[in-house]
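*Asks:* Structure below; questions to follow.
The values are calculated or read from the model by the stated rules, or taken from the named source; none is laboratory data. If you're wondering where the values come from, they're calculated on a predicted model, not measured in any experiment. Each accessible area value is taken on the protein alone, full model and side chains, heavy atoms only, with ligands, DNA and RNA left out. Shrake-Rupley method; radii C 1.70, N 1.55, O 1.52, S 1.80 Å.
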Amino acid sequence: MITCSAPGKIYLFGEHAVVYGEPAIACAVELRTHVSAKRSDAVTISSGLGTTGLDYEIHPYVSSVIEKLGVMEISVDISSDLPVGSGLGSSAAVTIATLAAINTELGLGYSHRELARMGHEIEQEVQGAASPTDTFVSTFGGVVEITSRKRLDSLDCGIVIGNTNRPKKTAVILEEVKRRIKDFPDIMDSVIKTIGSITKRGEISVLEKDYRSLGRLMNINHGLLDALGVGTAELSALVYAARNAGAFGAKITGAGGGGCMVALTDSPLKVASAIEAAGGQAIITRSTPLGVVQE
Ligand code: PMV
């Protein structure tokens, strides 16, 4: 039996703007999905959702991996630190960890690059559309500028995620942003370009390990995500609670409209309790250079 794990991710900068060609920076976090694969008589998939065979309703990503690899004699067992559907890349993590575990268990010989490509194709098939960000970061780990695939230094400060536990549909929010851009093109184009400038400036702060400047730039990015229309009162309550508790900076991470915010801090416990007091579910984590690994 082989067990592999793959990480989830946060966006430090540039979500939404990346869809319009601007750079973005994502960061793999030490919240992982673990998948064990074992050669077996038939297909079995076990997770917190139950035990099934190939089942595109209950286990769409894992079923698609098994179909894509063309293996019909495999038993897969999944456990995860990542909340589902909250913008932290849980579907990419389960897809990449399953691809890697079956690849190793059955000696299929695919490279990491091929696993990342197949993972992206599977996300596109299951979701209709998907950017390569989540599967790329889950495969290779680290802090990554997405458009150039440039790897930056990892972050040496605490990361606290605040989950609103409000489900959000990325596709719906992308449509809303598109409409706002169409209705006010001259204004919204400059918002998108300014987010791109923040990302470029943020890249320097990551390399200089200047977390104070990084946090201030995240705060500005949050304001512009609000301008794009993806903020909610609950997300902002968690963002302000984190800042008031002394975080370097805090912003929405991912599509917005619900889901999660993220704060950088040297006092994770203090920031986490402020987020909880403001009604969020806090998760303390760290940046990780490790992408998919065998355990
Ligand atoms: O919340 P998530 O992880 O689905 O992130 C969406 C990020 C967007 O930039 C809004 C869309 C994308 O595919 O890049």
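*Asks:* Hey, in the GNM for the chain with a 10 angstrom Cα cutoff, which one of Ala241, Ala227, Ala100 fluctuates hardest?
*Replies:* Ala227
*Asks:* Ok, one more. Of the residues Glu176, Glu145, Glu121, which exhibits the maximal mean-square fluctuation in a Gaussian network model of the chain defined by a 10 Å Cα contact cut-off?
*Replies:* Evaluated over the chain, the most mobile residue of the options is Glu176.
*Asks:* From the phi of every residue in the range 16-29, what ³J(HN,Hα) in whole Hz does the Karplus formula 6.51 cos²θ - 1.76 cosθ + 1.60 yield, where θ is phi - 60° and glycine or proline is x?
*Replies:* 6, 4, 4, 5, 9, x, 7, x, 8, 10, 10, 9, 5, 10
*Asks:* Roughly speaking, what is the centre-to-centre gap between the range 156-192 and the range 1-64 when only Cα atoms are used, to the nearest Å?
*Replies:* The range 156-192 and the range 1-64 have Cα centres separated by 22 Å.
*Asks:* So for the chain: antiparallel DSSP bridges make up what percent, rounded to the nearest 5?
*Replies:* Expressed as a percentage, antiparallel bridges in the chain total about 95.
*Asks:* Enumerate the amide H contacts of Val29 below 5 Å, restricted to partners 5 or more residues apart or on another chain; note that Pro and chain-start residues carry no placed amide H.
*Replies:* It is Gly8, Lys9, Ile10, Thr288, by chain and number.
*Asks:* Report the Cα centroid-to-centroid distance between the range 197-269 and the range 68-91 in angstrom, as an integer.
*Replies:* 28
*Asks:* Once both axes come from the Cα atoms, what is the angle between helix 90-105 and the longest principal axis of the chain, in degrees from 0 to 90, rounded to 10?
*Replies:* 30
*Asks:* Taking the alpha carbon gyration tensor of the range 115-167, what are the square roots of 5 times its eigenvalues, largest first, to the nearest whole Å?
*Replies:* 22, 19, 8
*Asks:* Once phi is turned into ³J(HN,Hα) by the Karplus curve 6.51 cos²θ - 1.76 cosθ + 1.60 with θ = phi - 60°, what whole-Hz value does each residue of the range 57-70 show in order, with x for glycine and proline?
*Replies:* 8, 8, 10, x, 6, 5, 4, 5, 4, 5, 5, 4, 7, x
*Asks:* Could I ask something else about it? Once phi is turned into ³J(HN,Hα) by the Karplus curve 6.51 cos²θ - 1.76 cosθ + 1.60 with θ = phi - 60°, what whole-Hz value does each residue of the range 248-255 show in order, with x for glycine and proline?
*Replies:* My calculation for the range 248-255 gives 4, x, 8, 7, 4, 10, x, 5 Hz in order.
*Asks:* Follow-up. Expressed as a whole percentage, what fraction of the accessible surface of the chain belongs to carbon and sulfur atoms when a 1.4 Å probe is rolled over the protein heavy atoms?
*Replies:* 52
*Asks:* Take the alpha carbon atoms of the range 12-57, find their radius of gyration, then divide it by 2.2 N^0.38 Å using N residues; give the quotient.
*Replies:* For the range 12-57, the normalised Cα radius of gyration is 1.90.
*Asks:* When N counts the residues of the range 78-223, how does its alpha-carbon radius of gyration compare numerically with 2.2 N^0.38 Å, as a ratio?
*Replies:* 1.20
*Asks:* Using the C-alpha atoms of the range 1-87, what convex hull volume per residue, in cubic angstrom, is computed?
*Replies:* 120
*Asks:* Show me the three semi-axes of the equivalent ellipsoid for the range 35-139, from the C-alpha gyration tensor (sqrt of 5 times each eigenvalue), largest first, rounded to whole Å.
*Replies:* They are 19, 16, 12 Å, listed largest first.
*Asks:* In µm²/s, what is D for the chain at 10 °C and 1.306 mPa s, where D = kT/(6 pi eta Rh) by Stokes-Einstein and Rh is the Kirkwood radius from Cα pairs?
*Replies:* 83
*Asks:* Helix 112-127 versus the longest principal axis of the chain: what is the Cα-based angle in degrees, 0 to 90, to the nearest 10?
*Replies:* For 112-127 against the chain, the angle is about 80 degrees.
*Asks:* Quick one: the Cα spread of the range 181-295 along its three principal axes, in angstroms, biggest first?
*Replies:* Taking the Cα atoms of the range 181-295, the three principal extents are 46, 32, 31 Å.
*Asks:* Here's a follow-up. How far is helix 268-277 tilted off the main Cα axis of the chain, in degrees rounded to 10, range 0 to 90?
*Replies:* Approximately 80 degrees, to the nearest ten.
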